[in-house]
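Below is one structure, written out as structure tokens; the observations come after it.
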């Protein structure tokens, strides 16, 4: 049973409001809800390609929209270039 997506995993936006999003995970089609600010839109090419880059440490330091954060081991770096997202600001879906 899956209870959450890990940082960087791709999903499809099904519907959203200012604060809330209904999504479907691309790995196993699990449907869930999350805060809109937890999502960043990427282009279709990045979505289809995914990422072979995974975080190598138990907790990897990244910068996300100007804020430092710790990302767990094995998180996908889809849409990230040198630790900074290459897509739109979160919540601008």
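Restricting attention to segment 62-76, the residues being part of a strand (DSSP E or B), over 16 Å from residue 9 (Cβ atoms) and either in contact (Cβ under 8 Å) with a residue 12 or more places away in the chain or under 11 Å from the mean Cα position of the chain (by Cα) (or both) number 1.
Matching residues to (1) out of contact with any helix residue (DSSP H, G or I) (no Cβ under 6 Å at 6 or more places or on another chain); (2) touching a residue at least 24 places away in the same chain (Cβ under 8 Å); (3) surrounded by 11 or more Cβ atoms within 10 Å (Cβ to Cβ); (4) not in a loop (DSSP other than H, G, I, E, B):
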| residue | (1), (2), (3), (4) |
| --- | --- |
| 18 | yes, yes, no, no |
| 21 | no, yes, yes, yes |
| 24 | yes, no, yes, yes |
| 28 | yes, yes, no, no |
| 40 | yes, yes, yes, no |
| 45 | yes, no, no, yes |
| 48 | yes, no, no, yes |
| 52 | yes, no, no, no |
| 56 | yes, no, no, no |
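If you go through segment 1-16 and keep only what is surrounded by 12 or more Cβ atoms within 10 Å (Cβ to Cβ) and either touching a residue at least 60 places away in the same chain (Cβ under 8 Å) or part of a loop (DSSP other than H, G, I, E, B) (or both), you end up with 5, 6, 7, 8, 9, 10, 13, 16.
All of the numbers you see were taken from the coordinates with simple rules; none came from a lab. It should be emphasised that the depicted structure is a prediction, and the values quoted were computed from it without experimental measurement. For neighbour counting, all protein chains shown are included, and Cβ atoms are generated from backbone atoms with ideal geometry for every residue, glycine included.
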